[in-house]
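Chemist: Here it is: the structure, laid out below.
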Amino acid sequence: MKARYIDKRIDKVWYDVFMILERHQDDFISSNGDLPTNEDRKKFIEDVQKKSESYSRMYKFTYLITTKNFYTMLYIVSKNEKSISKIRLFYDSIKNGMFNKLSSEKYTNSLNFLYYSKDPDLKKLCNYLYEEFINRKDVKKYYFGLNQDQSIKTELKIQSNRKGWRCPYCDGKMVNGDPDHFLPKSQFPLLALYSENIIFCCKNCNMGLKSEDFILPIVLPYEIDVIGYVQFKYINGSIVLEVIPDTKLQVPIKNYLKVIKIIELYNNERYYEIFIDFQRKLFQSKMDLDKMKDFYKFSNIENKWDLKIREDFICQLYNYKDIITKYSTF
């Protein structure tokens, strides 16, 4: 399984669910209003199987509609034309690569229209698929080849503990990672089972560093290396993280920093003291900035953000030094 995204085999799940809703919308029946009976479920399965080849994915998927509860959720969504239209548009957008345009200001309105939804029935179905359906014994075996004692999340945790894997948000070690929905499934339910929206990150980021207040346009964690487009600064007793002026994708990167609150890890006493220590050494002529920069460049600091803030402090002090040198000649 890939480090950065959850196993792409999960895409087959949403594809099969959405296709059976779209292709067999008229086959969903209920003899009891919005509360279909078990006989309705069996009749639906029978009708779909009659219309499908025995080797087809639609035919095989019917064997996974084993409960009245699951069938009811499918039935309710199938009778909502707006939901079915949303599903059709979602499928076309994924096929046409629209998800990878999240950072484009040009497509912001289109992407919100395609993926955002307040529909409670669609949310209920998508949450069920992610939280329960993919953990069923028969589903794990059919889609992922996992046995009863294995789970997708556990398998990913095993992979994340391998040496060298780091959190895509904070660059911390992936000691005990979690799958995270980059675009939150509470606002974008159709993306609940889309592999490229499910990113494995450290527990700290998943539980607190990442905000649920989502803003488009935004860069994806693997679209660019955000660290190359931002800079830390110590200003009036506080540390800020800014997008470098005239940077490409200025707005999407700013939004990324609002969602992935990296600054919360660095705007604290520990890093205030590091800057003040650098500053003191500079003005006491005890520090050669070039040597200090080289020292950190080749240091054993593993976290790239931890290294970045030190390098940015040194660059900031370079500017101070240039100003002092300039005005000392008058």
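Chemist: Residues of the range 114-128 being touching a residue at least 60 places away in the same chain (Cβ under 8 Å), surrounded by fewer than 20 Cβ atoms within 10 Å (Cβ to Cβ) and in a helix (DSSP H, G or I), which ones?
Modeler: Across the range 114-128, the qualifying residues are Lys123, Asn127.
Chemist: Applying the selection to the range 189-214, what residues are buried (at least 22 other Cβ atoms within 10 Å of the Cβ) and out of contact with any Asp or Glu (no Cβ under 8 Å at 6 or more places or on another chain)?
Modeler: Passing the criteria: Leu190, Leu191, Ala192, Asn197.
Chemist: Considering (1) assigned to a helix (DSSP H, G or I); (2) surrounded by 20 or more Cβ atoms within 10 Å (Cβ to Cβ); (3) not hydrophobic (A, V, I, L, M, F, W, C), say which one Arg88 fails and leave the rest.
Modeler: (2)
Chemist: Checking the structure you have, find out if any residue of the range 100-121 is of a type in the set (A, V, I, L, M) and touching a helix residue (DSSP H, G or I) at 6+ places or on another chain (Cβ under 6 Å).
Modeler: Taking every residue of the range 100-121 in turn, at least one turns out to be of a type in the set (A, V, I, L, M) and touching a helix residue (DSSP H, G or I) at 6+ places or on another chain (Cβ under 6 Å).
Chemist: Looking for something aliphatic (A, V, I, L, M), closer than 23 Å to Glu264 by Cβ and surrounded by 14 or more Cβ atoms within 10 Å (Cβ to Cβ) - is there at least one such residue anywhere in the range 145-166?
Modeler: Within the range 145-166, not a single residue is aliphatic (A, V, I, L, M), closer than 23 Å to Glu264 by Cβ and surrounded by 14 or more Cβ atoms within 10 Å (Cβ to Cβ).
Chemist: Counting only residues that are among the basic types (Lys, Arg) and at pLDDT 95 or above, give me the helices (runs of 4 or more DSSP H) lying completely in the range 1-65 with at least 3 of them.
Modeler: Result: 38-51.
The values are calculated or read from the model by the stated rules, or taken from the named source; none is laboratory data. Every value quoted in this text rests on a predicted model; they were computed, and no experiment measured them. With ideal geometry, Cβ positions are generated from the backbone for all residues, glycine too; neighbour counts draw on all protein chains shown.
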